Each structure stands twice: as C-alpha cells, then as structure tokens.
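The values are calculated or read from the model by the stated rules, or taken from the named source; none is laboratory data. Treat the numbers as computed from the prediction; the structure is a model and nothing was measured. Heads up, the Cβs are rebuilt from the backbone with ideal geometry, glycines too, and the neighbour counts pull from every protein chain shown. Calculation scope for accessible area: heavy atoms of the full protein, side chains included, ligands and nucleic acids excluded. Shrake-Rupley method; radii C 1.70, N 1.55, O 1.52, S 1.80 Å.
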Amino acid sequence: MTFQLLFDLDDTLLDSNIESLVPVYFQKLAAHLADLVPPDQMLQQLMRSTLAMYRSTRPDQTLEEVFSQEFYPPLGTTRQALAERIEQFYDEIFPSLQPLTRPRPEAVLLVEWALSRGWDVSVATDPLFPRKAILHRLRWAELAPENYPFRLISDFQTFHFAKASVSYFGEFLGHLGWDGESPLLMVGDSIERDVIPARQAGIPVFWLKSDGQVSPDAEGIPQGTLADLRKFLETTDISGLKADFSSPSALVAALHAAPALMHHLTRITPSEKWTLRPAPGEWAFNEILCHLRDVEAEVNLPRVEAVLNGENPIITGQNTDPWAEQRRYLEQDGEEAFREFVAARAWLVEKLKAISPEEWERPARHTIFGPTHLRELVGFMVEHDRAHVKQARETVTN
C-alpha cells in the first residue's frame, strides 16, 4: 500500500493569492473576448457561473457542465462558438499571469523528496478552473506535470464538487482507488477548503499555516511550515495515517461521491461497451448501473426508513446478485438506470444529512451481521458502492 500525499496548490505549492489572481484573470478573459461579448456582461457571467460551481451538489454534472449551463445561454452564445477563442486565451494570455505568483523552492524539494520515497503525490486543488489553467499554475510552481508524475490533479472537466464540499474529498479518494487501507495525508493552507472538509471526510490533515496564525478548527492536528511538514513525515509512523470513514459526515460524503464517480465512467465509456462483459460470469457496465439502482431503491432506502421509523427492527440480508440475470439487466436502458440511481441516492443523502447524531446510532438487528445500528448499516452501503465503483472502473478500462 502506497502512501498518498495530497497537496493543495495555491499558497501551498505556489505563492498565489487567489483573491488577487482571479479578478485579473477574469478581466483578461473579458478583454480577450470583448469583440464578441461586452466585458461588463462577461465579468458578471463569470462571477455568477463560478458561484454556481461553488454551490453545486449535482453528482451527475461536472463542474464544467454546471459552468457552461450558467455561463453561455445568458450571453446568447454557445460553448462551441467560443471554444477556439477560449483555448487561445489559455494558450497565449493566461500565462501572462505568472508574475502574480511565485514558486516555492521548498515545496519543489518536498515533492521531489516524497516522490523519491516512492510515495504517490496528488494535487488536490479547487477544481473551479479548466485543466489548462491548473497545469500552467503547476509550471509556475516549477512543478511542471510533464516532469513530475502526479497521481491525480483535480480539474473542472472531471470533478463534480468544489473543494469546500466534503464530497470533493470523497470524490478525490474515489479517483485514487478508494481502498480505505492506504495511508494518506492532505496538506493545505485553507481552514475552509482544506482542513475542515478533509477532516469531515475522514482524511488526516496537515495545516500549512502562516506565522502567528491560529484556528480552533485546526486544534489537535499537525501544523506548521513546509519544513515542519518534512519533519513530521520523517518522524511519524505514516502507516497510522489512515482515513476514518466511520463518522456521519464521512459516510455521507462517500455516498454522495459514488454517483459522481459513476457519472465520470458513463462519460468516458463508449455506448457500445456498456453491454460487453469483460469475461464469462462477470458483469457488464450496464448490469452494474442497474444493480446500483435496484439496490438503492429496494434495499438501502427501505433499511434506512425501517431503522429511523421502527424500534430495533430486524433487517433481512438479501442476495441481490441473481437480479442481473433474473431482471435481464443487459437488455435495460443503462442511462435511465443511472438517472434513477442518482435520484434515489440524492434522496438518501438529503435524508441522512437531516438526522441527528442520536439517530445515527439507532439500533437494528441484521439477520447476518447481528446487532447493529444505522451508522454501521450506512457503512455497509458505502462498502457496497466502493466494490461496484471499482468493478465498473475495471470493466470499462479492460
């Protein structure tokens, strides 16, 4: 199991005051497109669309899709109509923002040291930017992705949640493999976008703080400079830096992330592969989608209702694997199955978000696992998701 080291980008790997950078970025983009869209209107739509991404909770829409739906129609244009000019902006004009930032030599040395130890290094940056913009900023940090084998870099083409959302970290872990066993650590400077949501997702955190900076939200966690981080990693048994998905917030984040991960797979999988079984006896992608839909509607939701509305109810174990053949999943509409899974999961997530800490501990009796409680039952649901997300990923990439 490889140690997973997750770094924030802005003001962690790169000195870049994002509050100063973004206004200049938007102004340059508006100026570049001024012959097509009035700059004032462009700036208004950029801010509105960015806020829409920040607030989005849709696991079936990437942040790029959220942005596009909010951004282009009020301008009376389409993404396709502006695509060439926007690509030109990121290729030729966005790099001119580099003087607003400064590389951190100590960050480069730390990343190189981590990679030399065989660790996986990922860039957990807020995915509110196109990939080209993020890669440029990594180059400004003297950590060009062409030269450094980052395991994962979040961007708005792939991710569904902004970083202030706990679900962002659930989605990030899902893309890393979501095994729950590999040790990991999130490193970032922002209390609101790094420390709080990562901790709520069950991820160990190192707070990269400025001199004299204090926060009650960082109490009890390792913190300091990049030099302090190196010392921490050298003197800590990193095998103990494990994610803990047992808290209600971590469980809900994982449940919310699962359909986002499946949505990603629906987008990258050609339709002709949906009904292809990778080997005799294994499920096709279409079958996995139908299975997730039916288990959500006929197993997960009724169990949650039974525990919340009953007194120590009996939960019957069910063997749902035969449904694939019995219900002829290969012949069903996989896209419709996914939409129904998303709708059912949205209901479950909102239901669980609304319950009290005491309700999470409501008891039940499972015919296979014995005495249990709602929180453990939801943990079983998360494990079921993980198994099938992994199965789906392997199925579509074979």
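The set of residues from the stretch 352-398 being open to solvent by less than 50 Å² (accessible area, probe 1.4 Å) and part of a loop (DSSP other than H, G, I, E, B) comprises Ile355, Ser356.
The rows are residues; the columns are (1) within 23 Å of Thr2 (Cα to Cα); (2) free of Cβ contacts under 8 Å to residues at least 12 places away in the same chain; (3) open to solvent by less than 10 Å² (accessible area, probe 1.4 Å).
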residue	(1), (2), (3)
Pro105	no, no, no
Leu115	yes, no, no
Arg131	no, no, no
Pro145	yes, yes, no
Phe150	yes, no, no
Phe156	no, no, no
Lys163	no, no, yes
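Listed by first and then second residue, the pairs with beta-carbon distance under 9 Å, at least 6 apart or on different chains, first residue in the stretch 225-243 and in contact (Cβ under 8 Å) with a residue 12 or more places away in the chain, second open to solvent by 60 Å² or more (accessible area, probe 1.4 Å) and in a helix (DSSP H, G or I), are Thr225/Glu106; Leu226/Glu106; Leu226/Leu109; Ala227/Glu106; Arg230/Glu106; Arg230/Leu109.
Just a yes or no: is a residue in the stretch 326-336 open to solvent by less than 50 Å² (accessible area, probe 1.4 Å) and among the hydrophobic types (A, V, I, L, M, F, W, C)? Within the stretch 326-336, not a single residue is open to solvent by less than 50 Å² (accessible area, probe 1.4 Å) and among the hydrophobic types (A, V, I, L, M, F, W, C). Among the residues of the stretch 1-36, those that are modelled with pLDDT of 90 or more, open to solvent by less than 40 Å² (accessible area, probe 1.4 Å), under 20 Å from Phe89 (Cα atoms) and not small (Gly, Ala, Ser) comprise Tyr25, Phe26, Leu29, His32, Leu33. Applying the condition of being in a loop (DSSP other than H, G, I, E, B) and surrounded by 19 or more Cβ atoms within 10 Å (Cβ to Cβ) to the stretch 195-223 and asking which residue is farthest from the chain's Cα centre (by Cα) yields Pro204. Only one of the numbered conditions (1) of a type in the set (A, V, I, L, M); (2) under 28 Å from Lys231 (Cβ atoms); (3) without any contact (Cβ under 8 Å) to a residue 24 or more places away in the chain is not met by Leu173, and that is (3).
Once the stretch 53-69 is narrowed to residues that are crowded, with 18+ Cβ neighbours inside 10 Å and in a helix (DSSP H, G or I), the residue that is nearest to the chain's Cα centre (by Cα) is Leu63. Restricting attention to the stretch 316-345, the residues being touching a residue at least 24 places away in the same chain (Cβ under 8 Å) and either aliphatic (A, V, I, L, M) or in a helix (DSSP H, G or I) (or both) number 14. Out of all the residues in the stretch 161-194, which are polar (S, T, N, Q), over 29 Å from Val214 (Cα atoms) and in a helix (DSSP H, G or I)? Within the stretch 161-194, none qualify.
Scanning the stretch 263-315 for residues that are in a loop (DSSP other than H, G, I, E, B) and of a type in the set (S, T, N, Q), we see that the one that is least open to solvent (accessible area, probe 1.4 Å) is Thr269.
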